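A.B. asks: The structure follows.
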Amino acid sequence: MTDLLREVDEALRRERMEKFWQAHGRKVIIAVLVLLAGVGLFSAYEGWQRSVQEAHTESLIALLESPDFPSDVHEKTQDIGPGQRGIALLQAAARYRLEKKESQALELYQIIASDKAIPKTLRQQADLLRTATMAPGPEMKALMQPIADDTSSPWRPHALLNLAAYYAHEGQDPDQARALVDMVLAIESLPPSLMQRAQALAHVYDLKKPQTAKKDEKNEKS
């Protein structure tokens, strides 16, 4: 009796499977083919992306090793990837600075900063380097504030210290400057050079506080 029931159950299951296959078999085949095609296309796309990146990197190396680099670097980097383009432009700007061609370097930094296709970290680096020859003023503050607000930026400690310089000098606010330096000192795994710079600035701004207090007191009396 048990064997008979088992045979009936298996027959019913086969019948249901046959009906399901008759009704949906074509859809199942198409779905499997689409899935396999998708996997194949993804693998092909990954391979294509890898080959494109390799080609762009080779172009970057050839450009950097070219005897006429950095001449016409902006035009020569239009056909390579945005990351490689950003690196090439930064290297070109650095070369111009070594050659005391500050205006050409600043022009390239502005090009990098305004090119949204270039990775954000490279654009932020360009903005940071633009401030190297700036006095602590509103323009520097405008460039540094977005970087200082970006907690994921590797350049944030540098931007915070530049903002501290702005508040200490242009803003005449040593308390705000000291607060910004404290934010830098609170960052974990800070490079030793940055740590030493922040500690030195903290000491300087602490010394400025009594002087500022005396000025405020003098102004109140007058």
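What follows draws every value from the coordinates through simple rules; no lab data is involved. Owing to the predicted nature of the structure, the values given are computational and were not obtained by experimental measurement. Backbone-built Cβ (ideal geometry, glycine too); neighbour counts: all protein chains shown.
A.B. asks: At 0.36 nm per residue, minus the direct Cα-Cα distance, what do Asp150 and Ala186 gain on full extension? Give it in nm, one decimal, please.
C.D. replies: On the way: separation 36, 0.36 × 36 = 12.96 nm, distance 1.54 nm.
Net length gain for the segment: 11.4 nm.
A.B. asks: Also: Under a crude label model (7 Å from the Cα following the beta-carbon direction), how far is Ala142 from Leu207 in nanometres?
C.D. replies: It is 3.3 nm.
A.B. asks: Right, here's the next one. Among 125-134, 145-154, how do they line up by average Cβ neighbours within 10 Å per residue, starting with the highest?
C.D. replies: Order by mean packing, descending: 125-134, 145-154.
A.B. asks: A further question on this structure: Can you work out ³J(HN,Hα) from phi for every residue in the stretch 92-101, in order, using Karplus 6.51 cos²θ - 1.76 cosθ + 1.60 and θ = phi - 60°, giving whole Hz and x for Gly and Pro?
C.D. replies: 5, 4, 4, 5, 4, 5, 4, 8, 6, 9
A.B. asks: Take peptides 83-95, 103-115, 61-73, 184-196 and line them up by average Cβ neighbours within 10 Å, highest first, as a rough protection proxy. Can you show the working numbers first?
C.D. replies: Working: 83-95: 21.1, 103-115: 18.3, 61-73: 13.6, 184-196: 11.8.
Top of the packing list down: 83-95, 103-115, 61-73, 184-196.
A.B. asks: Can you compute the modelled spin-label distance between Gln176 and Gln78, with each label point 7 Å from Cα toward Cβ, in nm?
C.D. replies: My value for the distance between the label points is 4.3 nm.
A.B. asks: What nm distance separates the two modelled labels at Gln110 and Ser66, each placed 7 Å from Cα along Cα→Cβ?
C.D. replies: Distance between label points: 2.3 nm.
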